[in-house]
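The values are calculated or read from the model by the stated rules, or taken from the named source; none is laboratory data. These numbers were taken from a predicted model, which means no experiment stands behind them. Here the Cβ positions follow ideal geometry from the backbone for every residue, glycine too, while neighbour counts run over all protein chains shown. Heavy atoms of the whole protein, side chains included, go into the accessibility calculation; ligands, DNA and RNA do not. Shrake-Rupley method; radii C 1.70, N 1.55, O 1.52, S 1.80 Å.
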Amino acid sequence: NAKAYDAVSKAIQKGLVASAIGVGRGGLGVALAKSAIAGQLGLRLNLDLSKGVLRLDVMLFSETQGRVLITVQPSAQKEFEKIFKDIPHANIGEVIRTTSVSISSPQANVEVGLAEMTSAYRSFFKDW
């Protein structure tokens, strides 16, 4: 993981990273939701990358440590990918100016409204 974290650090120092969040509790699904809520921007995702490795629920909610969800501007994508050329990574979609998060996969297509996600997330913290 040190090699991956060094690459993340280098990409941040070069100004290539628009946002980054660790994938931990709740897995990729929670990291995607937090990222969308924080920026109040939608996501269009294609999770047809597993090639038979995972079910959609496992792909979204596995809490495998050491992963980072990173967004980059399209203009920075090539330079970002050069930094990560020897490190496993995948482009799973794009940030878009819309009011929902949509996920396409061979197993299911899911769309959740950003307002609904934001309300559900914030309701947990209403008494804090």
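Taking the stated definitions as given, is residue 104 farther than 30 Å from residue 2 by Cβ, touching an Asp or Glu at 6+ places or on another chain (Cβ under 9 Å) and either modelled with pLDDT of 90 or more or open to solvent by less than 50 Å² (accessible area, probe 1.4 Å) (or both)? Break it down into steps so the answer makes sense when it comes.
Details: farther than 30 Å from residue 2 by Cβ: yes; touching an Asp or Glu at 6+ places or on another chain (Cβ under 9 Å): yes; either modelled with pLDDT of 90 or more or open to solvent by less than 50 Å² (accessible area, probe 1.4 Å) (or both): yes.
Yes; evaluated as a whole, the condition is true for this residue.
Which of the residues belonging to the range 6-26 are modelled with pLDDT of 95 or more and either open to solvent by 70 Å² or more (accessible area, probe 1.4 Å) or among the small types (Gly, Ala, Ser) (or both)?
Listed by number, the residues that qualify are 6, 7, 9, 10, 11, 12, 13, 14, 15, 18, 19, 20.
Can you spot a residue in the range 38-55 that is under 20 Å from residue 1 (Cβ atoms), open to solvent by less than 40 Å² (accessible area, probe 1.4 Å) and either touching a helix residue (DSSP H, G or I) at 6+ places or on another chain (Cβ under 8 Å) or touching a residue at least 24 places away in the same chain (Cβ under 8 Å) (or both)?
The answer is no; no qualifying residue exists.
Could you identify the single residue in 65, 73, 40, 77 that is over 16 Å from residue 27 (Cβ atoms) and in contact with a strand residue (DSSP E or B) (Cβ under 9 Å, 6 or more places away or on another chain)?
Details: 65 fails: over 16 Å from residue 27 (Cβ atoms); 40 fails: in contact with a strand residue (DSSP E or B) (Cβ under 9 Å, 6 or more places away or on another chain); 77 fails: in contact with a strand residue (DSSP E or B) (Cβ under 9 Å, 6 or more places away or on another chain).
One residue alone meets the criteria, 73.
I'd like to verify a number: residues in the range 56-76 that are of a type in the set (S, T, N, Q) and open to solvent by less than 70 Å² (accessible area, probe 1.4 Å), how many?
If we filter the range 56-76 for residues that are of a type in the set (S, T, N, Q), which is where we start, we get 62, 64-65, 71, 73, 75.
Keeping just the survivors that are open to solvent by less than 70 Å² (accessible area, probe 1.4 Å) gives 62, 71.
Going through the range 56-76 one residue at a time, the tally reaches 2.
If the requirement is being without any contact (Cβ under 8 Å) to a residue 60 or more places away in the chain and in contact with a Gly (Cβ under 7 Å, 6 or more places away or on another chain), which of these qualifies: 62, 9?
Working: 9 fails: in contact with a Gly (Cβ under 7 Å, 6 or more places away or on another chain).
Of the residues listed, the single one that is without any contact (Cβ under 8 Å) to a residue 60 or more places away in the chain and in contact with a Gly (Cβ under 7 Å, 6 or more places away or on another chain) is 62.
What are the pairs, 6+ residues apart or on separate chains, where a residue within the range 72-101 that is closer than 25 Å to residue 33 by Cβ and touching a residue at least 60 places away in the same chain (Cβ under 8 Å) has its Cβ under 8 Å from a residue that is open to solvent by less than 90 Å² (accessible area, probe 1.4 Å) and among the aromatic types (Phe, Trp, Tyr)?
From the range 72-101, the pairs are 72/80.
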